[in-house]
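Visitor: The structure that follows is given in the form of structure tokens.
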């Protein structure tokens, strides 16, 4: 058997670290890191974008239940890409912009087109006006979020986030198709009109909505939190349309409740100080 000689690794002289060649290599590696695209978080963003596109296609084919479920799946994937990027330390400017564009499709265009094709079309110009108010509200909300990302309190969103607003619309569509709403067919388009206007205007409001970013999955939590999570999963799986729509209705009202509470608390503090 012929002998195989292994090549010894080339030793790097510490004095060569400051040579022009080493500096050019370091600059080239730094440039590649800036221009490179991280695969894992952007894969989740792409999957969320696909779900939004799939919801639009299903609405065009009059399969509104599948469209509503696709929006909820996009919401789950959108919540995962940011946390995966922070946990793996793979944040990038490209990922932030790509996530915003994906949110505009999945939580701006898709819900407005789904609810328009489902119920608002029968209202004529009032229907497409409500759908446009929602779509414009989602675009304005995402633009404001990107410009105020380092200014506002990270514990709260300024206005309801676009995934939660989309969950309001998708949950309402899913619940109505599942025949769980005690609303007549005559009033159903007008209820959808009011909910769409409410979701669109709430996205551009100043009401504070809890963001959940203070929760860190890497830290220890009490055992009771795990029990609550298990109970929550069981409750949602028992009747997904009712439970999901009910949860997001409560969340959609929580911002205004906290807004009023903060205003009353500030007024009482001013009176006591006076």
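Throughout, read-outs are computed from the coordinates displayed, never taken from laboratory work. Because the structure is predicted, anything quoted here is derived from the model rather than measured. Note that we place each Cβ from the backbone using ideal geometry, even for glycine, and neighbour counts take in every protein chain shown.
Visitor: Please report 144, 262 as a ranked list, fewest other C-beta atoms within 10 angstrom at the top and most at the bottom.
Guide: In increasing order of surrounding Cβ atoms, one gets 262, 144.
Visitor: Using the alpha carbons of the stretch 162-255, what is the convex hull volume per residue in cubic angstrom, as a whole number? Don't skip to the end; give the middle numbers.
Guide: Numbers: hull volume 10.4 nm³, N = 94.
With only Cα atoms used, the stretch 162-255 gives 110 Å³ per residue.
Visitor: Also: Please order 128, 118 by the number of other Cβ within 10 Å, starting at the fewest.
Guide: Sorted ascending by nearby Cβ count, the order is 128, 118.
Visitor: So for the stretch 36-269, Kirkwood radius off the Cα pairs, Stokes-Einstein at 25 °C and 0.890 mPa s: how many µm² s⁻¹?
Guide: Details: Rh = 18.5 Å.
My calculation gives 132 µm²/s for D.
Visitor: As a footprinting exposure proxy, order 96, 117 by other Cβ within 10 Å, with the fewest listed first. Working shown, then result.
Guide: Details: 96 13, 117 20.
Fewest to most other Cβ atoms nearby, the residues stand as 96, 117.
Visitor: Just want to confirm a number: the relative contact order over the stretch 52-148, from Cα pairs under 8 angstrom separated by 6+ residues, in percent.
Guide: Numbers: 74 pairs, mean separation 30.5, N = 97.
Dividing the mean separation by the residue count of the stretch 52-148 yields 31 percent.
Visitor: So what is the relative contact order for the stretch 36-269, in percent, with contacts set as C-alpha pairs under 8 Å and at least six apart? Intermediate results must be reported in sequence, preceding the final value.
Guide: Numbers: 297 pairs, mean separation 49.9, N = 234.
Relative CO of the stretch 36-269 lands at 21 percent.
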